[in-house]
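Input: a single structure, listed below in structure tokens.
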């Protein structure tokens with residue numbers, strides 16, 4: 001019974017494809033891909049709509065107010081109203097803008113975000129596209145986002161757009177390095193770049209109770225936190241949302257976009273967020289595996305989306321709690337703390353592997369991380385936390 | 001189907017490369033250069049060398065194209081000036097084309113579309129890099145680390 005519920009979507013796809021049996025193989029392949037793409041878009045656009053209203057509700061709860069509650073029951077139809085508003089808004093393109101680049105930027109940014117979703121395993125046998133270097137594909141596609149942001153900033157022919165794009169690119173490039181290096185220990189330990197095999201490596205339970213997720217090892221826990229923080233920066237979320245700022249640079253690279261193009265940017269930001277949290281769940285939280293072996297009767301995709309939602313809740317929680325950081329603080333944090341720590345994760349994972357992957361390895365890798373963490377916090381002079389900023393080119 | 005894909009990708013790549021060479025605005029040329037690189041990456045995918053294609057996208061679109069774009073932004077703008085035909089550049093292009101054509105026609109040992117070649121998986125590339133090519137790999141790693149540290153030294157705040 002639970003097996004068939006677990007595989008219900010896979011079986012549904014097989015059933016759909018069985019109607020095409022007489023067709024040649026390449027037609028079946030294309031239709032199969034189209035079904036995957038359609039399912040991905042349907043699920044994640046729904047999730048985007050749901051997330052946009054839930055985020056406002058949760059932020060409202062954190063700030064002791066109601067949040068949207070006018071449209072539909074509990075304000076649940078708010079995204080529909082927002083969508084209609086965005087669709088019927090006038091699309092304004094500045095007269096001096098580079099029309100083609102200005103038009104292509106939101107398309108490219110949304111395409112990059114959606115493509116990254118394609119390699120994440122959502123459940124047992126539910127990876128939309130199995131690529132030999134799936135993890136690398138994720139980051140290769142993600143790296144085109146920078147060019148898209150630049151196109152938006154440059155194509156708008158506006159100072160604020162350009163400066164906002166510069167800020168966005170600066171922080172994205174700085175945090176892409178730790179983001180990739182924190183993935184390295186997982187890839188090293190598993191010995192594969194395929195997301196499915198990374199999930200399979202976390203399937204067992206120690207003593208039948210504790211799942212062998214990488215987040216329960218010292219290097220995994222450190223890498224997970226670093227990956228999560230870098231993911232926050234990559235998706236331009238609070239506390240790292242300096243590319244936008246009403247009092248400084250308006251809406252950054254999105255200043256000159258209105259109507260549905262702006263909505264596309266907004267959607268790409270959220271889809272990118274889903275992709276990065278989905279990858280975090282895959283790499284460190286055991287993907288679609290259940291946390292307890294007795295709970296394995298619950299379908300795998302339910303576990304995946306439960307983990308995804310938990311991580312997204314943390315995103316919203318952080319947004320409601322933390323103040324913004326300055327761009328120089330973000331940069332210093334990246335190069336002076338996050339980058340050395342992520343290199344330490346690689347070393348700690350190697351120590352863990354060569355000390356036998358057991359309790360001894362656990363302790364030794366913990367020691368490595370503790371030493372580097374203590375040394376860094378002493379060297380970086382963290383006592384001088386709230387010193388006033390010194391300006392070099394302004395009074 | 002694969003030959004149709006080949007022709008399609010080749011047309012897109014060549015058109016983008018031509019645009020990159022001829023477009024007046026430097027920024028448009030850079031963006032079409034990026035499109036041409038995506039086309040080349042698509043060729044690698046078509047040949048089953050996914051890793052090389054992904055690294056090409058990763059390095060050239062994610063890093064080199066952004067670097068070029070920054071370089072254009074931070075340097076002088078003299079778009080309007082027409083400097084006439086660049087004969088040196090044309091000569092160089094012909095020389096490069098001649099050299100590549102010579103190399104292509106000289107190479108006969110590789111059978112095109114040989115079906116028996118094993119798929120170029122990430123695992124095999126990793127094994128090759130860690131065994132027979134470990135010294136070049138270490139040298140490149142040292143060079144890149146030196147470049148990273150050098151960049152950090154360049155932007156370090158001077159002590160007053």
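Results, tabulated for the structure shown:
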item	result
The lone exception for residue A:293 - which of (1) under 18 Å from residue A:227 (Cα atoms); (2) touching a residue at least 24 places away in the same chain (Cβ under 8 Å) it fails	(1)
Residue within segment B:51-58 that is facing chain A (nearest Cβ under 9 Å), modelled with pLDDT under 85, surrounded by 14 or more Cβ atoms within 10 Å (Cβ to Cβ) and in a helix (DSSP H, G or I) present	yes
Residues (facing chain B (nearest Cβ under 10 Å) and in a loop (DSSP other than H, G, I, E, B)) located in segment A:182-199	A:191, A:192, A:193, A:194
Scan of segment A:150-180 for residues that are in contact with a strand residue (DSSP E or B) (Cβ under 8 Å, 6 or more places away or on another chain) and surrounded by fewer than 22 Cβ atoms within 10 Å (Cβ to Cβ), ordered by number	A:160
Count of segment A:335-370 residues which are within 23 Å of residue B:149 (Cα to Cα), away from chain B (no Cβ under 14 Å) and surrounded by fewer than 18 Cβ atoms within 10 Å (Cβ to Cβ)	1
Test set (1) more than 12 Å from every other protein chain (Cβ to nearest Cβ); (2) in contact (Cβ under 8 Å) with a residue 40 or more places away in the chain; (3) within 16 Å of residue A:141 (Cα to Cα) - residue B:42 fails condition number	(2)
Qualifying residue in segment A:200-209 (condition: in a helix (DSSP H, G or I), within 13 Å of chain B (Cβ to nearest Cβ) and either at pLDDT 85 or above or crowded, with 23+ Cβ neighbours inside 10 Å (or both))	no
Selection status of residue A:277, modelled with pLDDT of 90 or more and under 20 Å from residue A:228 (Cβ atoms)	yes
Any hit, segment A:214-234, residues being in a strand (DSSP E or B), more than 14 Å from every other protein chain (Cβ to nearest Cβ) and in contact (Cβ under 8 Å) with a residue 60 or more places away in the chain	no
Test: residue A:134 is surrounded by 21 or more Cβ atoms within 10 Å (Cβ to Cβ), closer than 30 Å to residue B:47 by Cα and within 12 Å of another protein chain (Cβ to nearest Cβ)	yes
In segment A:109-131, the residues that are within 14 Å of chain B (Cβ to nearest Cβ) and crowded, with 22+ Cβ neighbours inside 10 Å	A:109, A:112, A:116, A:119
Among the residues listed as A:227, A:240, the single one being within 17 Å of the chain's Cα centre (by Cα) and more than 29 Å from residue A:83 (Cβ to Cβ)	A:227
Qualifying residues in segment A:137-149 (those that are over 16 Å from residue A:269 (Cβ atoms) and touching a residue at least 24 places away in the same chain (Cβ under 8 Å)) - the one surrounded by the fewest Cβ atoms within 10 Å (Cβ to Cβ)	A:139
Identity of the residue in segment A:1-60, outside any helix (DSSP H, G or I) and within 14 Å of chain B (Cβ to nearest Cβ), that ends up surrounded by the fewest Cβ atoms within 10 Å (Cβ to Cβ)	A:24
Set A:140, A:168, A:152: member being assigned to a helix (DSSP H, G or I), under 25 Å from residue B:41 (Cα atoms), more than 10 Å from chain B (Cβ to nearest Cβ) and touching a helix residue (DSSP H, G or I) at 6+ places or on another chain (Cβ under 6 Å)	A:152
Subset of segment B:15-30 that is part of a helix (DSSP H, G or I) and in contact (Cβ under 8 Å) with a residue 12 or more places away in the chain - its residue that is nearest to the other protein chains (Cβ to nearest Cβ)	B:27
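The values are calculated or read from the model by the stated rules, or taken from the named source; none is laboratory data. On a predicted model such as this, the values are computed, not experimentally measured, just so you know. Virtual Cβ from ideal backbone geometry, glycine too; neighbours counted across all protein chains shown.
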